[in-house]
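> Once you've had a glance at the structure underneath, I'll fire off some questions.
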Amino acid sequence: MEPSSGEDGNQKVLRIASEISWQKFGCLVVSERQNGEMVVIDGQHRALAAIRRDDVNKVPCIVFRELQLADEAGAFVGLNTARKPVSALAKYEAQLIAADPVAVWVEQTLKELGFVRVLTLHAAMQVKCISELQKMAAINKPRTHTTLRILAGMCRDGNTSAHADVLQVVNVLVTWMEKQGFAQMETLEERLRKVGYLAVKKEIDRCREIVGNHQPFKAAEVVLERLNKGCRTNKLTRVSN
């Protein structure tokens, strides 16, 4: 279950095998399933490296018996999070197996709205900012659903993928409109889709150039000005929660 780090997985195995050190090797974490199958929960690269060595017949292990698949996934997340950085996607997929409620909600919502989860954005309706979505969902699921629903419409209209900075800005705008009622939220969605995803992204990029980095609240103010451009009445206003 152990994910590859920056280097190719096979190269990592070869490197460990060539310079194996028991002080660095540590202890493998293994699950012995009911059918007798032995699965390495943590230390797969080290296990494969040991197999390549003719002079290594045994390695130190901690063996857990009859764990459920969700238990194995939970152990993987806990071990790797505590010891070293894990890719957001690897952690997320393990959380899905472990039935983490926030991860499950995010996955179901993305599918419901037509988003496709990917590692690299290159086509319409794709999204990869999983960590950001989990943070948003943990704070407020209804708001996150509204944000994703509006963003999905923008992405479909513009035939584009969903970038993290646009997600953050739309979420800020949704937060500002929440206390102003359904009509304002409806107006926000209508104007965002009318202005279009690419124009909103352009405003966010322009704000980043001026400020020097991405600041969602500042970028949201810039986008709000664009949404109100040419509107003499019914202007969208900022009301923070």
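> Quick one: would you say residue 198 is touching a helix residue (DSSP H, G or I) at 6+ places or on another chain (Cβ under 6 Å) and either open to solvent by 30 Å² or more (accessible area, probe 1.4 Å) or free of Cβ contacts under 8 Å to residues at least 40 places away in the same chain (or both)?
yes
> Taking residue 54 as meeting all but one of (1) in a helix (DSSP H, G or I); (2) modelled with pLDDT under 85, write down the number of the exception.
With (1) in a helix (DSSP H, G or I); (2) modelled with pLDDT under 85 applied to residue 54, the lone miss is (1).
> Just wondering, is there one or more residues in region 76-93 that are modelled with pLDDT of 80 or more, out of contact with any Ser or Thr (no Cβ under 8 Å at 6 or more places or on another chain) and small (Gly, Ala, Ser)?
no
> How many of the residues making up region 173-188 are surrounded by fewer than 20 Cβ atoms within 10 Å (Cβ to Cβ) and under 27 Å from the mean Cα position of the chain (by Cα)?
2
> Among the residues in region 154-166, are any open to solvent by 60 Å² or more (accessible area, probe 1.4 Å) and more than 20 Å from residue 130 (Cα to Cα)?
Yes, some residue in region 154-166 is open to solvent by 60 Å² or more (accessible area, probe 1.4 Å) and more than 20 Å from residue 130 (Cα to Cα).
> Right, here's the next one. Kindly establish whether residue 62 is modelled with pLDDT of 80 or more and open to solvent by 80 Å² or more (accessible area, probe 1.4 Å).
Here the answer is no, as residue 62 does not meet what is asked.
> Among the numbered criteria (1) surrounded by fewer than 18 Cβ atoms within 10 Å (Cβ to Cβ); (2) closer than 17 Å to residue 41 by Cβ, which single criterion is violated by residue 120?
(2)
> On to the next question. Hey, could you check region 203-215 for residues that are over 15 Å from residue 151 (Cα atoms) and in a helix (DSSP H, G or I) and say which is least open to solvent (accessible area, probe 1.4 Å)?
207
> Looking at 222, 200 in this structure, which one is part of a helix (DSSP H, G or I), closer than 18 Å to residue 152 by Cβ and among the aliphatic types (A, V, I, L, M)?
Only one candidate qualifies: 200.
> Can you pull out every residue in region 16-49 that is part of a helix (DSSP H, G or I) and surrounded by 14 or more Cβ atoms within 10 Å (Cβ to Cβ)?
16, 17, 25, 44, 45, 46, 47, 48, 49
The values are calculated or read from the model by the stated rules, or taken from the named source; none is laboratory data. Because the structure is predicted, anything quoted here is derived from the model rather than measured. Because the Cβ atoms are built from the backbone with ideal geometry, glycine has one as well, and the counts that use them run over all protein chains shown. Please note that ligands, DNA and RNA were not included when accessible areas were found on the heavy atoms of the full protein model with its side chains. Shrake-Rupley method; radii C 1.70, N 1.55, O 1.52, S 1.80 Å.
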